[in-house]
Each structure stands twice: as C-alpha cells, then as structure tokens.
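The values are calculated or read from the model by the stated rules, or taken from the named source; none is laboratory data. Everything numeric in this text was worked out from a predicted model, so none of it was measured. Positions of Cβ are backbone-derived with ideal geometry, glycine not excepted, and every protein chain shown enters the neighbour counts. When the accessible area is computed, the model is the full protein with side chains, heavy atoms only, and any ligands, DNA or RNA have been set aside. Shrake-Rupley method; radii C 1.70, N 1.55, O 1.52, S 1.80 Å.
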Amino acid sequence: GTYGAGHTLTFFVHFTRRVEVVEPPSLLLNFSGTNRTATCAGTSKSHDGMALEFSYTLQKGDSTELLDYSGDRALVVSAGGLTSVGGASEPVTLLPARGQPGSISAGAKIKV
C-alpha cells in the first residue's frame, strides 16, 4: 500500500526461540538512502518462538518506492540487550538480505 506522513507502520522480527529484552533494540528503515529508526514496541509469542514488534511514524519528507530495512544488520542491539531464555546461545540478530524472503520488501509492498 501507499502511506503518508503521520501514518504509523508496524513490523515484526521473529525468533525461533524465546528471548528476553533487557534493553529494547531498534530497527533501521531505509527511505531512499536515508535511515530512520523504528522503536521496539513490545514482544509477543509466535507459532515457533517469539516476535519483537517495532513501530515507526512516517515523517514529512520520508519517501521510497519500496520500503525495507537498511540491511542485514538493521536490528540494532546493545551488548546484552537480548538474551535467550532457557540457557540457549545468544539470539541471532542478522536479518535476511533486503528483498529476500523474510525481509520487509519481500513480505509487503510499502510505498511512502
């Protein structure tokens, strides 16, 4: 869909195991070469683990033909900011490449 300034967009990052949010991460979105920060709005259980919910309110001047995050390292996590529950290793924070299955642009066609 097409969205304009003032509209809030919501995104989810899924993990295959439960994680604990010690310090909320952020998600960098790419608007035609300009990065904007989506904030962590909460967590939820998903069918296979857990999801982090991010939200971003569009600003005047934001524009792109196809919204996606800034790259595979767009999930910004401080040291110790996410921990795995149940003694598993640290959660993987590398995202799928832009345009690939699992990325924002592969799942939704968002024009701003």
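Annotation: per residue accessible area for the chain equals 56 Å², rounded to a whole number [probe 1.4 Å, protein chains only].
The portion of the accessible surface of the chain made up by carbon and sulfur, rounded to a whole percent, is 49 (1.4 Å probe; DNA, RNA and ligands excluded).
The trypsin sites (Lys or Arg not before Pro) of the range 1-100 that DSSP puts in a loop, and whose beta carbon has at most 10 other beta carbons within 10 Å, are Lys60. Using Cβ point charges alone (K and R +1, D and E -1), the dipole size of the chain about the Cα centre works out to roughly 200 debye. Using every pair of distinct Cα positions in the chain, the Kirkwood expression returns a hydrodynamic radius of 14.5 angstrom.
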